[in-house]
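The values are calculated or read from the model by the stated rules, or taken from the named source; none is laboratory data. These numbers come from a predicted model, not from an experiment. Glycine gets a Cβ as well: all are built from the backbone with ideal geometry, and neighbour counts include every protein chain shown.
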Amino acid sequence: MSDRLKKRSNKYKRKLLLWFLFVVFLLVLSCGTYIFVQVYTATKGAYEEIDRQGNKSEYREEEVTFSKDPISILLIGVDYGVEGKNGRADTLMVVTLNPSTKKTTLTTVPRDTRVEFYESEAQEYAGFHKINAAYSYGSIFEYGSNKLTIEKVEELLDIPIDEYVALDFDAFHQLVDTFGGVTVDVKQPFSQKSFKNDGKMINFDKGIMKMNGEEALAFVRMRKHAANTLYSREERQRQFVQAVINEALSTTTFLKIAELSNVLENNIKTSLSPSEILQLQKAYASMDNVDVQTFEIEGQNEVLHDIYYFIPEEESLLNVSEQIKQELALP
């Protein structure tokens, strides 16, 4: 495969992982209490707290209370590659939740954003690197993969990150298959190569379709087909998110707790404790009333010292930072 095709494939993968992260997080909020408690109880290995003083971010004066305070959660999409060691944070998304307004915001941090690493974090590799290197350096130098990733995002946006959810991209098709597929109303017909089997073409006919994990992956990744102009990836991804939520809320989900537990256990790490998850679920039990707003960090792609970086515009970075602080009720 050429370098160009590899880059294009990786870009698709990051987009898919971005949406999958949001889907899993929505599941935490939308699933019934009984379902999620049972799943979480069966997967205690998923819990991994953040090693920091006072059980709070340095950007917080006081520890937050989930039932009443707005909070921020960093969603980390991890790609472990072929060797399965250390991994890279190929997708970073900051989610804010306000229990009073039921408002949710999403801010994607470009993985190639140029940030500075200090000697205490990256030892002999101290200097400027892509922000997604934080996960690798945190693992290699035993600083803490999730901890260093969180700290780099906090420094970049000048905001506190209260909790995190990190998951492996491999869970995407596993989740869909565990649900027994998802049902989507295909608006425009098209064909797309399978993400799992390069030699296989998957046809999507107009109308209601029950998709397995392989088909769902192809459905949300299509972008080159002419149908994309009338039936955008964004619309298809929104349909997919809603389809997964619908499956999570269905009565048959109660019969699949063991399978869901296995998917979570093998692919997810989070600093959210069972009690905190219960508080979130109670505060956001009705997803129909949740207002979701997205913030975008604008900038330019530049090559510095033969390395490709994303350089955020200072004004945009400041604006996004202020918007997130406002959502978190911070000065």
Report task. For the stretch 155-217, please list each of the strands (runs of 3 or more DSSP E) lying entirely inside it that holds at least 2 residues being within 30 Å of Glu315 (Cβ to Cβ). Result -> 163-168
Query - Complete set of residues in the stretch 194-215 that are in contact (Cβ under 8 Å) with a residue 24 or more places away in the chain and in contact with a helix residue (DSSP H, G or I) (Cβ under 7 Å, 6 or more places away or on another chain) - result: Ser194, Phe195, Met211, Asn212, Gly213, Glu214
Report task. Kindly list the number of the only condition in (1) in contact with a Leu (Cβ under 7 Å, 6 or more places away or on another chain); (2) at pLDDT below 70; (3) farther than 15 Å from Leu97 by Cβ that fails for Ser250. Result -> (1)
Query raised in the report: Any idea which residue in the stretch 124-137 is nearest to Asn301 (Cα to Cα), counting only those that are in contact with a strand residue (DSSP E or B) (Cβ under 9 Å, 6 or more places away or on another chain) and either aliphatic (A, V, I, L, M) or assigned to a helix (DSSP H, G or I) (or both)?
Result: Ile131
Report task. Starting from residues that are among the acidic types (Asp, Glu) and outside any strand (DSSP E or B), keep the ones in the stretch 110-123 and report whichever is surrounded by the most Cβ atoms within 10 Å (Cβ to Cβ). Result -> Glu121
Report summary line: Scanning the stretch 170-193 residue by residue, those out of contact with any strand residue (DSSP E or B) (no Cβ under 8 Å at 6 or more places or on another chain) and either in contact (Cβ under 8 Å) with a residue 60 or more places away in the chain or β-branched (Val, Ile, Thr) (or both) turn out to be Asp170, Phe172, Gln174, Leu175, Thr178, Phe179, Gly180
Query raised in the report: Looking only at the stretch 314-331, which residues are hydroxyl-bearing (Ser, Thr, Tyr) and touching a helix residue (DSSP H, G or I) at 6+ places or on another chain (Cβ under 8 Å)?
Result: Ser321
Query raised in the report: Restricting attention to the stretch 173-187, does a residue exist that is of a type outside the set (Ser, Thr, Tyr), farther than 30 Å from Leu260 by Cβ and not assigned by TED's automatic domain parsing to the domain that holds Asn266?
Result: no
